[in-house]
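Okay, so here's the structure we're looking at.
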Protein chains: 2
Amino acid sequence: MAAEPADERPSVQAVLQRVTEVLRSHQQKLQSRHEAPAPQQVEALLHKQDLDALQASLDQIHPADVAYILEALPVDERLVVWDLVKAERDGEILLEVSDAVRETLIAHMENRELVAATEQLDTDEIADLAPDLPREVMQDVFRSLPLEEREQLRAAMSYPEDTVGALMDFDIISVRDDITVEVVLRYLRRLDEMPDHTDQLFVVDRTEHLRGLLPVNRLLVTDLDVPVSKIMVDETIRLNPEEKAQDAALAFERYDLVSAPVIDRDGKLVGRVTVNVVMDYIREEAENEMLSAGGLREEEDLFSSVWNSVKNRWTWLAINLVTAFIASRVIGAFENSIGKLVALAALMPIIAGIGGNSGNQTITMIVRAMALGQISAGNARKLFAKEIGVSFINGLIWGGVVGLFAFLIYHSWQLGLVMMSAMVLNLLLAALMGVSIPLLMQKFNRDPAVGSSVLITAITDSGGFFIFLGLATIFLV
Amino acid sequence: MAAEPADERPSVQAVLQRVTEVLRSHQQKLQSRHEAPAPQQVEALLHKQDLDALQASLDQIHPADVAYILEALPVDERLVVWDLVKAERDGEILLEVSDAVRETLIAHMENRELVAATEQLDTDEIADLAPDLPREVMQDVFRSLPLEEREQLRAAMSYPEDTVGALMDFDIISVRDDITVEVVLRYLRRLDEMPDHTDQLFVVDRTEHLRGLLPVNRLLVTDLDVPVSKIMVDETIRLNPEEKAQDAALAFERYDLVSAPVIDRDGKLVGRVTVNVVMDYIREEAENEMLSAGGLREEEDLFSSVWNSVKNRWTWLAINLVTAFIASRVIGAFENSIGKLVALAALMPIIAGIGGNSGNQTITMIVRAMALGQISAGNARKLFAKEIGVSFINGLIWGGVVGLFAFLIYHSWQLGLVMMSAMVLNLLLAALMGVSIPLLMQKFNRDPAVGSSVLITAITDSGGFFIFLGLATIFLV
């Protein structure tokens, strides 16, 4: 981390290094046993003063930094460090770690500790943790809350992931529109502190309906006797708890928001969304996309057990195997031709591979434009035309190159021509499918980002083998 | 867009729809000609009142929304809309559109218009546009700036992309630490408005050295006679203009910042970074990663010319072709064996394909952990052990499945055994390379996210063919 905290505070990387050094000073003793050591065993081997020193440096750093250190440690060391963290910070840190790491921490805690950790959090944060907590823990937490917070928690838990409701918090300061700036300032000065990310107050009427927003910065530059109604902003983004989180994220990015009000169907103010939560959401979405593009089902704890990793990677390998079997049978159908002209076997992966590459280029572009809402029935035809044009040119160019390659190695211009034609046809297939697959997925309300790439690769593989071997069978064998 | 602006303002999607309807009402006339129509021709065919109505709705929406509409339109329609946009908003909109679309807009503008558009912007924003502007335009803009802003612009342009300096702006309000809250408030009240995203004031000493931060919210809840030095925060993130933008982004995410000070080596305050810029940066990075994973060199205008698209996709297709040639030669070396046992040709893509899939899973996980700084020499050995374990188990499982598949189709248990062994070996190769490639790239200071996937696929393709055909040659032929 290059971001430098002031001198008094140790840097995160320094703490991480100290943690690993201390924990591993005893590694040799531990490694003589064959199974992974339990955290108690590790702890027992460490000196009391080492542990105290570690604890002191952990206490000095931000909860998000502790979370970072926990993520970077193998499970046994992670649990030793977790035991050193002050109990009153447990809740915040659990919120910061990834799902996979959170599981390992929670599994290591007693229900009593979990209840204590959870009770320190705001209701919207409790709702975020809830899916990972044992049922009894949630019941205890629920009982301990005052009535208003119970209702907030129930509301927050009722919204599905990926909706604005799941991102929302309840830390709102609302004021009425018939008072003056001076009254607002006097009211604020009576508070101990304002909630994080309060860049604006919410102006409501008598019945809690949102009338407008009062930016804090405007409050500071306005004369004291001006009424709120004069300086409030009424043209404003209003979010609904049911709408997609993705749409809220787009609004934050597009309009550079720090916070935005959430209103229910009647226009009543129910909560707010803040930029830090949106930023986490954007990061998480981008990561999920990367993971699924890489063939992983979900985020994986870097040090999860071999077995958990096998399960995480299972789905895509299985799907891939099925598509590979199909491609294999397509080739199998032409075994006769291959037997007569073995060069076909060596050349066919080129046609399939470049087709897959080209199809993925098209699909990446279309899926991205789709996510931004830039694709409609109106411009689909234009896109088809463009992609087919690109593929045709690429097919001629790269088809020419591979045709030449085939000719130079096998000294048959007929083989070269078949290579070139197969390349053109497979790239056209890739373009057609690269545009159609996401459009069809969108039409049937499926996320075009998931699975499109596997599908196009399957089609250009089997299709490429079929086109190439088919043409070869007709013209060469 | 589900985010609802207040009723007076038309929704973006509604404007986009109206734009396309009006523009396309004359499409039939235009389509009778064969080439794409020039914007002037489109304009000439439209009624004056239609254009006025369009202009009115464009004026009502946010510059970011206009940018969105421009992105979603084919080039000819895009330029008609661009001509309708009020000149004083040109600068802001140019900032919002993607690089590819910006090029098309700038190419359509006269230097005089470009100078006028640019002069409306802040110096940090001018620096963002600068690379896309003609040299003469930048010279004119530069000459028109007051001395202080010239220096800011020169500074902003001197920092490479992907550094904090490139994200930084100069809209800082700084106060001295020896005054009271009351004096600060009186000073602020004299301003017309505060810069966007001012969640804190910067506390400096006589020589402009940063002493601490004064959160605006703390200012509002503190008694008037308290001195700034009492309530300022001194343990704070300080960024340097030279450090990596990525590190600043991590700090914003981890510590939920809205703004952060940028100081030079002497500790002097030179600017600030705000969350909206960081969020754009994160989104852009994620998109670049997706694009390069999909084999595109850079963001592509959805409606760019066929030729521009061909160029954008060139690099990866060429690289892929080279790796395909190599794989083809590996197979070529075993043509003899394939001639004797044609089943090998049908089965070999399975081994290569699953190997590539598995290698990409490993690499995706490692690259992600690397970006978060979670991988060190200390835990590399643990990662190797885990990945090899995962691959071995996967190899046995999926190798068993494909071995059975081969046995059922070709009725040879020897062939089945060779398939299974080849699968285990290729997955082990994939694991070894999946961990080594990113580690090596990091060691040689290259971005492990770029090219790793192509490299691993090339290795598991050629390697898979070699292992499978090699084993088959030894044991079967």
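Here are the numbers for the structure shown:
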{"quantity": "Exclusive hit being of a type in the set (Ser, Thr, Tyr) and without any contact (Cβ under 8 Å) to a residue 40 or more places away in the chain, set B:Ser436, B:Ser462, B:Ser453", "calculated": "B:Ser436"}
{"quantity": "Among (1) over 16 Å from A:His197 (Cα atoms); (2) facing another protein chain (nearest Cβ under 9 Å); (3) of a type outside the set (Phe, Trp, Tyr); (4) assigned to a loop (DSSP other than H, G, I, E, B) - the single one B:Asp247 does not satisfy", "calculated": "(4)"}
{"quantity": "Long-range neighbours under 8 Å by Cβ, at least six apart or interchain, first residue in contact (Cβ under 8 Å) with a residue 24 or more places away in the chain within the range B:93-119, second outside any helix (DSSP H, G or I) and among the β-branched types (Val, Ile, Thr)", "calculated": "B:Ile93/B:Val85; B:Leu105/B:Val97"}
{"quantity": "Residue count for the range B:219-244, restricted to those that are surrounded by fewer than 19 Cβ atoms within 10 Å (Cβ to Cβ), within 7 Å of chain A (Cβ to nearest Cβ) and over 24 Å from B:Asp266 (Cβ atoms)", "calculated": "1"}
{"quantity": "Considering residues of the range A:309-343 that are of a type in the set (D, E, K, R) and within 7 Å of chain B (Cβ to nearest Cβ) only, the residue surrounded by the fewest Cβ atoms within 10 Å (Cβ to Cβ)", "calculated": "A:Glu335"}
{"quantity": "Matching option when the condition is facing chain A (nearest Cβ under 8 Å) and of a type in the set (Lys, Arg), among B:Arg211, B:Arg206, B:Arg189", "calculated": "B:Arg189"}
{"quantity": "Residue within the range B:316-337 that is in the same structural domain as B:Pro241 (by TED's automatic domain parsing), of a type in the set (A, V, I, L, M, F, W, C), touching a helix residue (DSSP H, G or I) at 6+ places or on another chain (Cβ under 8 Å) and outside any helix (DSSP H, G or I) present", "calculated": "no"}
{"quantity": "Residue list for the range A:251-275, filter: surrounded by fewer than 22 Cβ atoms within 10 Å (Cβ to Cβ) and under 17 Å from B:Arg283 (Cβ atoms)", "calculated": "A:Glu253, A:Arg254, A:Tyr255, A:Asp256"}
{"quantity": "Residue in the range B:280-287 that is surrounded by 20 or more Cβ atoms within 10 Å (Cβ to Cβ), in a helix (DSSP H, G or I), at the interface with another protein chain (Cβ under 7 Å from one of its Cβ atoms) and at pLDDT 95 or above present", "calculated": "no"}
{"quantity": "Hey, A:Ser358 more than 7 Å from chain B (Cβ to nearest Cβ), farther than 30 Å from B:Gln374 by Cα and touching a helix residue (DSSP H, G or I) at 6+ places or on another chain (Cβ under 8 Å) or not", "calculated": "no"}
{"quantity": "Within the range B:169-183, tally of residues that are within 13 Å of another protein chain (Cβ to nearest Cβ) and under 26 Å from B:Val277 (Cβ atoms)", "calculated": "4"}
{"quantity": "Any hit, the range B:369-378, residues being in a helix (DSSP H, G or I), over 24 Å from A:Gln17 (Cα atoms), at the interface with another protein chain (Cβ under 8 Å from one of its Cβ atoms) and under 42 Å from the mean Cα position of the chain (by Cα)", "calculated": "no"}
{"quantity": "Scan of the range A:288-302 for residues that are part of a loop (DSSP other than H, G, I, E, B) and at the interface with chain B (Cβ under 7 Å from one of its Cβ atoms), ordered by number", "calculated": "A:Gly294, A:Gly295, A:Leu296, A:Glu300, A:Leu302"}
{"quantity": "Residue match in the range B:201-208 (condition: closer than 21 Å to A:Ile173 by Cβ and at pLDDT 95 or above)", "calculated": "yes"}
{"quantity": "Selection count where residues are closer than 22 Å to B:Gln246 by Cα, small (Gly, Ala, Ser) and either in contact (Cβ under 8 Å) with a residue 12 or more places away in the chain or in contact with a strand residue (DSSP E or B) (Cβ under 9 Å, 6 or more places away or on another chain) (or both), scope the range B:132-177", "calculated": "4"}
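The values are calculated or read from the model by the stated rules, or taken from the named source; none is laboratory data. This structure is a prediction, so every number in the text was calculated from the model and none was measured. Virtual Cβ from ideal backbone geometry, glycine too; neighbours counted across all protein chains shown.
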